[in-house]
1. As a footprinting exposure proxy, order Tyr128, Tyr40, Tyr119, Tyr6 by other Cβ within 10 Å, with the fewest listed first.
2. What does the charge dipole of the chain about its Cα centre add up to, to the nearest 20 debye, if the Cβ of each Lys and Arg holds +1 and the Cβ of each Asp and Glu holds -1?
3. Given Pro92, Ser79, Val121, which one lies farthest toward the positive end of the charge dipole of segment 14-129, if we put +1 on the Cβ of every Lys and Arg and -1 on the Cβ of every Asp and Glu?
4. When DSSP beta bridges are limited to those with both residues in segment 13-133, what percentage is antiparallel, rounded to the nearest 5?
5. If you take the square roots of the eigenvalues of the alpha-carbon gyration tensor of segment 13-110 and sort them as a ≥ b ≥ c, do you get rounded (a/c under 1.5), prolate (a/b over b/c) or oblate?
6. Summing -39500 (n - 2.57) over the DSSP H runs of n ≥ 4 in the chain and dividing by its residue number, what mean residue ellipticity at 222 nm do you reach, to the nearest 500 deg cm²/dmol?
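Just so it is clear, none of the values below were taken in a lab; they were calculated from the coordinates. Model, not experiment: these values are computed from the prediction. Reconstructed Cβ throughout: ideal geometry from the backbone, glycine too, with neighbour counts over all protein chains shown.
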Amino acid sequence: MLAMGYGGSIQDAGKAFKTTNDGGIDGFIKEDKLGLSSIYLQAKRWDNTVGRPEIQAFAGALMGRHSTRGVFITTSKFSNEAIEYAKLLSQPTIILIDGEKLVQLMIEYNVGVSTQRTYEVKRIDSDYFNEDA
């Protein structure tokens, strides 16, 4: 989220909750550098599909914190019911990021990845062959 431009400095951009009894919230990040509002996060490192009950529980946790914005991230995928439920919500707004989208974002923002090879592409410099030069 920091690489995408959310939060302030690394020291005060947000907070990760390390307890298992986190009330359905794994952390938060400031929406902007001024910290005008926060975006709450839930992350699941799962092999199983994330279903509607997990999204409903996250929505309840957001309402309990009087928040209108949340991002639910999983390494797996979301069920169709979970996706439809998140779309139907007007408040809070929950963005779903599945494993495929997570990998795309990691590559796009260069987070948790490293460059293995770089290729140099050459073109003919027509000025080099110009007889007037």
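1. Values: Tyr128 7, Tyr40 24, Tyr119 4, Tyr6 17.
Fewest-to-most Cβ neighbours within 10 Å comes out as Tyr119, Tyr128, Tyr6, Tyr40.
2. Values: 15 positive and 17 negative charges, 157 e Å.
Value, rounded to 20: 760 debye.
3. Value computed over the given set: Pro92.
4. Numbers: 7 of 18 bridges.
Around 40 percent antiparallel, to the nearest 5.
5. Numbers: a/c = 1.43, a/b = 1.13, b/c = 1.27.
Verdict is rounded for segment 13-110.
6. Numbers: 3 runs with 32 residues, N = 133.
After summing the helix terms and dividing by the residues of the chain, the value is -7000 deg cm²/dmol.
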